[in-house]
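First up is the structure itself, then whatever we jot down about it.
The values are calculated or read from the model by the stated rules, or taken from the named source; none is laboratory data. As the structure is a prediction and not an experimental result, all values here were calculated from the model. So basically every Cβ, Gly included, is an ideal-geometry build from the backbone, and we count neighbours across all protein chains shown.
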Amino acid sequence: MSNTREIATEVLTNIYSKFEFFENAVLLNKNYCRLSGRDKAFVRYLVLNTLRRNGQVDKVINDFVKIPIKKKNFYILNLLRLSICQILFLNIKEYSIVNTAVEISKKYKFDKFVNGLLREICRNKNKIFQNLEPNTNIPSWIKNDIIKNLGKETLKKISEGIVYEPNLNIKIKVSCVKEKNWEKVLNGKFIFADVLKTHNDGLIEKKPFFSEGDWWIQNVSSTLPVRLISKIFQNVDKSKVSVLDVGAAPGGKTFQLIEENFNVKSLEISQRRIRRLKQNLQRLKFDANIICQDFFNYKCSDLFDCILIDAPCSASGLIQKKPEILIRDKEENIKELIHKQQRMLEKSKELLKIGGYLVYCVCSIHSSEGSNQADIFLRKNKNFKIIEFNNIANNFGKYLNKGMLLITPGGFGINAEADGFFISIFKRIK
Ligand SMILES: C[S@@+](CC[C@H](N)C(=O)[O-])C[C@H]1O[C@@H](n2cnc3c(N)ncnc32)[C@H](O)[C@@H]1O
């Protein structure tokens, strides 16, 4: 029978070799699916922490392993990654880490090598720590962009923050906020009047009042676009304000728009993601107008008062929550995404009223997907102007330019462990 560390090694190997998302990699692993809740949590803890520490761990391997480990022994390399992460960064007894790793590697006839290497690392722990910069965990395509646009201090802050497990943010339905003592019920702390942070134990569906539909999972940063839209239309009857939510699934922003009483259409290309959106709507007892279509083919005779584009992106803002992004080479992939984001912005123009608002956001901190896109759009479209909105998100992120808000992972001004996020808003003036 496989033990938890063996299963963690299988999962990590899958993530490294197939660039699988963590959540997919665990679901695809039959041994993982058979584990108890407690053991599943341990596997998650080991794998996610090893990914968060990927650069530091690989540096130790490079420093201590003189002959590179061959490709065919990839499993052993990942067993070492997991074991080194535990020895250096997790509060686990060294003898248990080393003994288990040696036992697992016997099958592959690598036990002597693994034993010698891990014991040497245990002996040299203090020396190793002197030369182990957390920014090595961030890949250069993100790191160089942060240094160029936000500076080395910000890079330091981000790299030191993302090695910790992020909290879970829960968005309570506005209509339910006053009903209960939510901090007590969900064992958390409010960071906004309707967003609470709590520990992520991986057991979301078991939390109180989940099945009753009183709340959903949404990071505080990603609640900002709809808060801003609400602010813009605060003095009008929102039920008469038409909003097109583009790329709507799994639904966080649609839910907020519904509870704010906007006249919302939720457009999404993916059938699979629409199924999730519908499940969520049913649980939350919300009703939505869903359109399953490619945005680029979408036509509508009535123009919208507001279009919200939550564009597909590299997700570089989610590196703390989804640390597998740290080991992906996104440089090539990002070009396609940038092109798509530009096309989405351009497509929106034909669907927006004069005087209407175009809200563009991405869960990325990369300038090519955020501020550059906003700059290009404004340069090309003189009939749009950018809107300043520092009143609502005050002290929450960094204003790159008037009206462009960037939240880096961990946030700036508030202790929220926010996801990285970019927002800008344009108004069509003619
Ligand atoms: C960042 S996610 C949106 C998250 C969502 N707004 C929320 O708050 O839960 C981007 C979404 O855009 C969708 N998408 C990508 N290309 C699209 C297109 N051409 N037309 C419509 N939706 C698209 C993706 O399937 C994905 O669900």
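Considering only residues that are touching a residue at least 60 places away in the same chain (Cβ under 8 Å) and more than 20 Å from Lys322 (Cα to Cα), look in region 39-62 and name the one that is farthest from the chain's Cα centre (by Cα). By that ranking, first place goes to Val60.
None of Thr154, Thr100 is under 29 Å from Asn73 (Cα atoms), polar (S, T, N, Q) and touching a helix residue (DSSP H, G or I) at 6+ places or on another chain (Cβ under 9 Å) except Thr100. Scanning region 279-300 for residues that are hydrophobic (A, V, I, L, M, F, W, C), assigned to a loop (DSSP other than H, G, I, E, B) and touching a strand residue (DSSP E or B) at 6+ places or on another chain (Cβ under 9 Å) yields Ala288, Cys300. Taken as a whole, the structure leaves Arg283 outside the set of residues that are surrounded by fewer than 18 Cβ atoms within 10 Å (Cβ to Cβ), near the ligand (Cβ under 9 Å from one of its atoms), farther than 24 Å from Gly370 by Cβ and assigned by TED's automatic domain parsing to the domain that holds Ser368.
Select from region 52-86 the residues that are under 19 Å from Thr4 (Cα atoms) and in contact with a Lys or Arg (Cβ under 7 Å, 6 or more places away or on another chain) and list them in ascending order. Hits for region 52-86 are Leu82, Cys85.
Listed here are the residues, each with its yes/no results for (1) under 22 Å from Ile162 (Cβ atoms); (2) away from the ligand (no atom under 12 Å from the Cβ).
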| position | (1), (2) |
| --- | --- |
| Cys313 | yes, no |
| Met344 | no, no |
| Leu358 | no, yes |
| His366 | yes, yes |
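Among the candidates Leu257, Leu244, which residue alone is assigned to a helix (DSSP H, G or I), crowded, with 19+ Cβ neighbours inside 10 Å and either away from the ligand (no atom under 11 Å from the Cβ) or in the same structural domain as Gly420 (by TED's automatic domain parsing) (or both)?
Values: Leu244 fails: assigned to a helix (DSSP H, G or I).
It is Leu257.
Could you tell me whether any residue of region 175-184 is in contact (Cβ under 8 Å) with a residue 24 or more places away in the chain, within 26 Å of Ile327 (Cα to Cα) and either surrounded by fewer than 19 Cβ atoms within 10 Å (Cβ to Cβ) or in contact with a strand residue (DSSP E or B) (Cβ under 6 Å, 6 or more places away or on another chain) (or both)? No. Summed over region 105-121, residues that are surrounded by 16 or more Cβ atoms within 10 Å (Cβ to Cβ), out of contact with any Ser or Thr (no Cβ under 7 Å at 6 or more places or on another chain) and of a type outside the set (S, T, N, Q) total 4.
Checking Ser266, Ser222 one by one, the residue that is among the hydroxyl-bearing types (Ser, Thr, Tyr), within 12 Å of the ligand (Cβ to nearest atom) and part of a strand (DSSP E or B) is Ser266 and no other.
Which helices (runs of 4 or more DSSP H) does region 66-155 wholly contain that include 1 or more residues that are in contact (Cβ under 8 Å) with a residue 60 or more places away in the chain and touching a His at 6+ places or on another chain (Cβ under 9 Å)? Quick ask: steps written out before the conclusion?
On the way: elements: 74-89, 94-106, 111-123, 125-129, 140-150.
Qualifying helices (runs of 4 or more DSSP H): 140-150.
Quick one: is Ser301 in contact with a Ser or Thr (Cβ under 9 Å, 6 or more places away or on another chain), modelled with pLDDT under 95 and not β-branched (Val, Ile, Thr)? Considered against the rule, which asks whether it is in contact with a Ser or Thr (Cβ under 9 Å, 6 or more places away or on another chain), modelled with pLDDT under 95 and not β-branched (Val, Ile, Thr), Ser301 comes out as no.
Residue-by-condition table, conditions (1) assigned to a loop (DSSP other than H, G, I, E, B); (2) modelled with pLDDT of 95 or more; (3) of a type in the set (Val, Ile, Thr):
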site: Ser364; (1), (2), (3): yes, yes, no
site: Ser368; (1), (2), (3): yes, yes, no
site: Ala374; (1), (2), (3): no, yes, no
site: Lys385; (1), (2), (3): no, yes, no
site: Phe389; (1), (2), (3): yes, no, no
site: Asn394; (1), (2), (3): yes, no, no
site: Leu406; (1), (2), (3): no, no, no
site: Asn415; (1), (2), (3): yes, no, no
site: Ile425; (1), (2), (3): no, yes, yes
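Criterion applied to Ser314, Ser270 was being of a type in the set (Ser, Thr, Tyr), under 21 Å from the mean Cα position of the chain (by Cα) and closer than 30 Å to Asn135 by Cβ, and the one residue passing it is Ser314.
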